[in-house]
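Student: Below you will find the structure I want to go over with you.
The values are calculated or read from the model by the stated rules, or taken from the named source; none is laboratory data. Predicted model, so just to flag it, every value in this text is computed and none were measured. Methodologically, a virtual Cβ is constructed for each residue, glycine included, from the backbone with ideal geometry; neighbour enumeration extends over all protein chains shown.
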Amino acid sequence: MYYISQITDTLRVPPNRFDEELKSILLELARDNLEERVFPELGSIVAVLEAEEVGKGKLIPQDGGAFYPCKFKVLCYKPERNEIVEGRVVDVVDFGIFIQVSTIECLCHRSQMGDDFFQYKQSDQAMIGRDSGKRVSIGDTYRGKVAVVGMQKANIRVGITSRQAGLGKLEWIEEWEKQFEEEQLEN
């Protein structure tokens, strides 16, 4: 789930940047330091949106920089169980596929890709359904349901499933929707 939050941090402005506009410098530094970092209580910081408050700078002996306490508005992503997510397949390995959702790579184990038995074809870097011939490869858009979320100090581990109807590769979903509509018209 995406949400806006506020984070407080103290940033060091180097002396060679004292002549620049302070909020712009702090926003740039915050983006470099905070974006794509994981905090267990916030999830992954997707973007630092703005510097809301800047406190008085402090100088520390033996350091030429100035330290400013700041409050920033940030966009965060924290996956939740049963959330439907969509992303791009970024890797295919013998045990499943990795889907990029926001700043997080989610794993869909091959046993969770559908009712078929999916096998890894290394030469094509693809997963192929044994009975259906359905194929998933790098670059495909894929939709799944978050089944497992593991929050660790430096990263978030997410496992997704696409065994239910309406989930999986977008082309599969379109086929399923078309078939469902045809069945509804027949009844």
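Student: Which one is surrounded by the most Cβ atoms within 10 Å (Cβ to Cβ), of the residues in the range 1-32 that are without any contact (Cβ under 8 Å) to a residue 40 or more places away in the chain and not in a helix (DSSP H, G or I)? Show your work before the answer.
Tutor: Just the residues of the range 1-32 that are without any contact (Cβ under 8 Å) to a residue 40 or more places away in the chain, to begin with: 16-17, 19-21, 23-25, 28-29, 31-32.
Keeping just the survivors that are not in a helix (DSSP H, G or I) gives 19-21.
On the way: D19: 7, E20: 11, E21: 9.
In this case the residue turns out to be E20.
Student: If C108 passes every condition in (1) of a type outside the set (F, W, Y); (2) buried (at least 18 other Cβ atoms within 10 Å of the Cβ); (3) under 26 Å from the mean Cα position of the chain (by Cα); (4) farther than 30 Å from Y2 by Cα but one, which one does it miss?
Tutor: Only one criterion in (1) of a type outside the set (F, W, Y); (2) buried (at least 18 other Cβ atoms within 10 Å of the Cβ); (3) under 26 Å from the mean Cα position of the chain (by Cα); (4) farther than 30 Å from Y2 by Cα is unmet by C108, namely (4).
Student: Can you tell me which condition W172 does not meet? The list is (1) in contact with an Asp or Glu (Cβ under 9 Å, 6 or more places away or on another chain); (2) of a type in the set (A, V, I, L, M, F, W, C); (3) more than 12 Å from I97 (Cβ to Cβ), and all the others hold.
Tutor: Exception for W172: condition (1).
Student: Further question on the same structure: Which one is nearest to Y142 (Cα to Cα) among residues in the range 59-79 that are surrounded by fewer than 18 Cβ atoms within 10 Å (Cβ to Cβ) and modelled with pLDDT under 95?
Tutor: Of the range 59-79, the ones surrounded by fewer than 18 Cβ atoms within 10 Å (Cβ to Cβ) are 59-65, 67, 69, 71, 73, 75.
Now restrict to residues that are modelled with pLDDT under 95: 59-65.
On the way: L59: 50, I60: 51, P61: 54, Q62: 53, D63: 50, G64: 50, G65: 47 Å.
Here the answer is G65.
Student: Sort through G64, G96 and tell me the only one that's touching a helix residue (DSSP H, G or I) at 6+ places or on another chain (Cβ under 6 Å) and not assigned by TED's automatic domain parsing to the domain that holds P15. Steps first, answer last, please.
Tutor: On the way: G64 fails: not assigned by TED's automatic domain parsing to the domain that holds P15.
Within the list G64, G96, the selection yields G96.
Student: Given the conditions (1) under 14 Å from the mean Cα position of the chain (by Cα); (2) not in a strand (DSSP E or B), report the number of the one that G139 does not fulfil.
Tutor: (1)
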